[in-house]
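So the structure is just underneath, and the comments pick up after that.
Please treat every number below as a calculation from the coordinates, not as lab data. Bear in mind that the values here come from a model prediction, so they are computed numbers and not experimental data.
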Amino acid sequence: MGSKTGDYLIEFIQNGAYMKVSVIDPVSGREVSIVGPAAAPREHLIRVAVKKMEYVLTKEKT
């Protein structure tokens, strides 16, 4: 995944029926996480997590 600040690091951790997705921005060191159903497509989980990261990074700038 690309960003204005660089590439994101993405980690998946499954716990039963749930999947935790953590996204780290290596430039700022900021990390955000989401939890979703493990059966959901990974692309969808990534999209939601990256959107959260972009929101957090934008919010921190203001």
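Between residue 9 and residue 24, what is 0.36 nm times their sequence separation minus the Cα-Cα distance? Round to one decimal in nm.
On the way: separation 15, 0.36 × 15 = 5.40 nm, distance 0.50 nm.
Going from the current span to full extension adds 4.9 nm.
In whole Hz, what ³J(HN,Hα) sequence does region 9-21 give by Karplus (6.51, -1.76, 1.60; θ = phi - 60°), x for Gly and Pro?
Running phi through 6.51 cos²θ - 1.76 cosθ + 1.60 with θ = phi - 60° gives 9, 10, 10, 10, 9, 9, 9, x, 8, 10, 10, 9, 10 Hz.
Of the listed values (i) 19, 13, 11; (ii) 22, 10, 10; (iii) 21, 14, 10, identify the label whose number matches semi-axes √(5λ) of the Cα gyration tensor in Å calculated from this model.
(ii)
For the chain, what does the helix formula give at 222 nm: sum of -39500 (n - 2.57) over DSSP H segments with n ≥ 4, over the residue count, nearest 500 deg cm²/dmol? Walk me through the intermediate numbers first.
Numbers: 1 runs with 20 residues, N = 62.
Dividing the helical sum by the residues of the chain leaves -11000 deg cm²/dmol.
When only C-alpha pairs under 8 Å and at least 6 residues apart count, what is the relative contact order of the chain, in percent? Display every interim value, and only then the final one.
Working: 80 pairs, mean separation 15.4, N = 62.
Relative contact order for the chain comes out at 25 percent.
Using only Cα atoms, find the angle between the long axis of helix 42-61 and the longest principal axis of the chain, and express it within 0 to 90 degrees, rounded to the nearest 10.
Taking the Cα atoms of the chain, the angle to 42-61 is about 30 degrees.
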